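A.B. asks: Please read through the structure below; I'll follow up with questions.
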Amino acid sequence: MSISLEHLNWLAYADQGLCVESVPLQDIAARFGTPAWVYSRQALSSHWQAFEAALHGREALICYAVKANPNLSILRFFAEAGAGFDIVSGGELARVLKAGGSPEKVVFSGVGKRSDEIEAALKIGVKCFNVESAAELRRINAIAIALGMRAPVSLRVNPDVDAKSHPYISTGLKENKFGIGHEEALTLYREAANSPGLELVGIDCHIGSQITEMAPFMAALDKLLELIDQLDGLGIGLRHLDLGGGLGIRYDEEEPPSAAQFMRAIVDRLLEHRLAASMGLVFEFGRALVGNAGLLLTRLEYVKHNGDRAFAVVDAAMNDLIRPALYEGYHPIVEVSPAASESRLYDVVGPVCESGDWLGKSRPLRIGQEHDLLAVLSAGAYGMSMSSNYNARPRAVELLVDGTNVRVIRQRETIAALWQGEA
């Protein structure tokens, strides 16, 4: 089985092996070591431009979901492109501000906002709070009153729509912790409209992640449009409709809608609706912007055999990329310089002391010898952002390639840094 790189046009084989833009990964490994996160600025730009073009002429704010990859250089790229930001913590807000993001383009999501986080976001002037419960709504109201302010709020509605993705990244069903039940939303909107510390500005939903078909999005949108009509009957008008993010990417053989196809379907449905047709739009994309803009570069340490099973033991592990271990997330794995030998099936595993420490199973690879390089693809989202120091392993270096230039955007963690702050 060969892996197609057609959708990764920033990645190609040349005489020097696999290259990111114009830079051979062999050179990157020699200069910066492994494991290493390698991102393409060209890919970031093309993904952003696709969404921007698809919404041309429409009042819309595309927010980058910081949790996907919070590196300051990635955030700076999107800030300079004009993006807003979807945050879920005070720490993410601080990162956005450090990177030059505009507070008035920040939407604050998340089910567990602390009082100090709410106060800080309110003082800095975020665009709105995406409220996830009655208790949170009342807390925000009380804090705003104490500060002599009005907090802009949007209620995140849980439409009970199946996103048809992995249960761990599905967020729009009744059994999920996210959002306000569709049947409860009208009651809370009425309460918010009568709360002196609140200003109702929108309606929001986010049904999950890695969604590769339009049906769940359209079902959720219809639920929101129904609520907008009911709110209008109560005299409650809203300025924006936030459809969240969750649009999937191609890891293997998925065929998710393109940015243009996604937006065309959404906008066409909105234009049929009397009220929503004139509302501003907000989106919160993460994976769709950065997932296929990066890879994890790793080096083969050993080849071993247990009976008929062959293992390629590499220097990256589940502490670096936890998606395979956490929810069997698939990432293509390719050789940087394929050996002349025929391919055979390998389980690509790391050195962490867990049976769940694997990056790919039964992968056809042409491995020649120890120290060969492998690239774990489609790893720009939820890779470094979910990494840890398990087994006392320093986190990897992060690199941004721009043409022929390679820039360190996060230094490799040192051993000494592992115990900083400990006594």
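A.B. asks: For region 281-357, which GluC sites (Glu not before Pro) pass both filters: DSSP loop (anything but H, G, I, E, B) and at most 16 other C-beta atoms within 10 Å? The partial results should precede the final answer.
C.D. replies: Working: sites: E284, E301, E328, E335, E342, E354; in loops: E328, E342, E354.
Sparse-neighbourhood loop GluC sites (Glu not before Pro): E328, E342, E354.
A.B. asks: Multiplying the sequence separation of A265 and L5 by 0.36 nm and subtracting their Cα-Cα distance, what value in nm do you get?
C.D. replies: Computed gain between A265 and L5 is 90.9 nm.
A.B. asks: For H371 paired with A423, estimate the spin-label separation in nm (one decimal), with each label point 7 Å from Cα along the Cα-to-Cβ line.
C.D. replies: 4.6
A.B. asks: If you average the sequence gap of Cα pairs under 8 Å that are 6 or more apart and divide by the length of the chain, what percent do you get for the contact order?
C.D. replies: Normalised by residue count, the contact order of the chain is 19 percent.
A.B. asks: May I ask for the percentage of alpha-carbon pairs in the chain that lie more than 26 Å from each other?
C.D. replies: Pairs farther apart than 26 Å: 57 percent.
A.B. asks: Order these by the 10 Å Cβ neighbour count, fewest first: L289, L224, L275, L281.
C.D. replies: So the ranking, lowest neighbour count to highest, is L275, L281, L224, L289.
A.B. asks: So which trypsin sites (Lys or Arg not before Pro) in region 24-108 are both in a DSSP loop and have at most 13 other Cβ atoms within 10 Å of their Cβ? Let's see the in-between values first.
C.D. replies: Details: sites: R31, R41, R58, K67, R76, R95, K98, K105; in loops: R58.
Those that pass, being in a loop and sparsely packed, are R58.
A.B. asks: May I ask for the net charge around G91, where only other residues with Cβ less than 13 Å from the Cβ of G91 are counted and Lys, Arg are +1 while Asp, Glu are -1?
C.D. replies: Here the charged neighbours net out to +2.
A.B. asks: Moving to a separate point now. Rounding to the nearest 10 and keeping the result within 0 to 90°, find how far the Cα-based axis of helix 259-271 lies from the longest principal axis of the chain.
C.D. replies: 10
A.B. asks: Report relative contact order for region 304-420 in percent, whole number only (criteria: Cα-Cα under 8 Å, sequence separation at least 6).
C.D. replies: The normalised contact order for region 304-420 reaches 25 percent.
A.B. asks: If I model a spin label as a point 7 Å beyond the Cα along the Cα-Cβ vector, how far apart are those points for L326 and E199 in nm?
C.D. replies: 3.6
A.B. asks: Assuming 0.36 nm per residue, please report the length gained on full extension of the stretch D232 to D308 beyond their Cα-Cα distance.
C.D. replies: Extra length available between D232 and D308 comes to 20.8 nm.
A.B. asks: If each DSSP helix of 4+ residues adds -39,500 (n - 2.57) and the sum is divided by the residues in the chain, what number results at 222 nm, nearest 500 deg cm²/dmol?
C.D. replies: That comes out to -8500 deg cm²/dmol.
A.B. asks: Follow-up question, since we're still on this one. List the trypsin sites (Lys or Arg not before Pro) in region 204-304 that DSSP assigns to loop (not H, G, I, E or B) and whose Cβ has at most 10 other Cβ atoms within 10 Å. Which are they?
C.D. replies: Answer by residue number: R274.
A.B. asks: Working only with C-alpha atoms, what are the Rg and Dmax values of region 327-423, expressed in angstrom?
C.D. replies: Cα only, region 327-423: 15.9, 53 Å (Rg, Dmax).
A.B. asks: While we're here: Given the pairs K113/K223; K67/K361; K67/K127; K67/K223, which are separated by over 24 angstrom at their Cα positions? Provide the component values of the computation, followed by the final result.
C.D. replies: Numbers: K113/K223 26 Å; K67/K361 27 Å; K67/K127 18 Å; K67/K223 26 Å.
Exceeds cut-off: K113/K223; K67/K361; K67/K223.
A.B. asks: Shifting gears a bit: For the chain, give the share of DSSP beta bridges that are antiparallel, in percent and rounded to the nearest 5; count only bridges with both residues there.
C.D. replies: For the chain, the DSSP antiparallel bridge percentage is about 45.
A.B. asks: Separate question: Given 0.36 nm per residue, what is the gain on full extension from R58 to M149 after removing their alpha carbon distance, in nm?
C.D. replies: 29.7 nm
A.B. asks: Also, quick follow-up: Report the residue, chosen from L247, L345, L238, that carries the largest GNM mean-square fluctuation when the chain is represented by alpha-carbon nodes joined by springs under 10 Å.
C.D. replies: Result: L345 has the largest fluctuation of those listed.
A.B. asks: Same structure, new question: What angle, in degrees between 0 and 90 and rounded to the nearest 10, separates the Cα long axis of helix 182-193 from the longest principal axis of the Cα atoms of the chain?
C.D. replies: Approximately 60 degrees, to the nearest 10.
Read the figures in this text as sums done on the coordinates, not as results from a lab. A quick note: this is a predicted structure, and the numbers were derived from the prediction, not measured. Cβ atoms come from the backbone with ideal geometry, glycine included; neighbour counts cover every protein chain shown.
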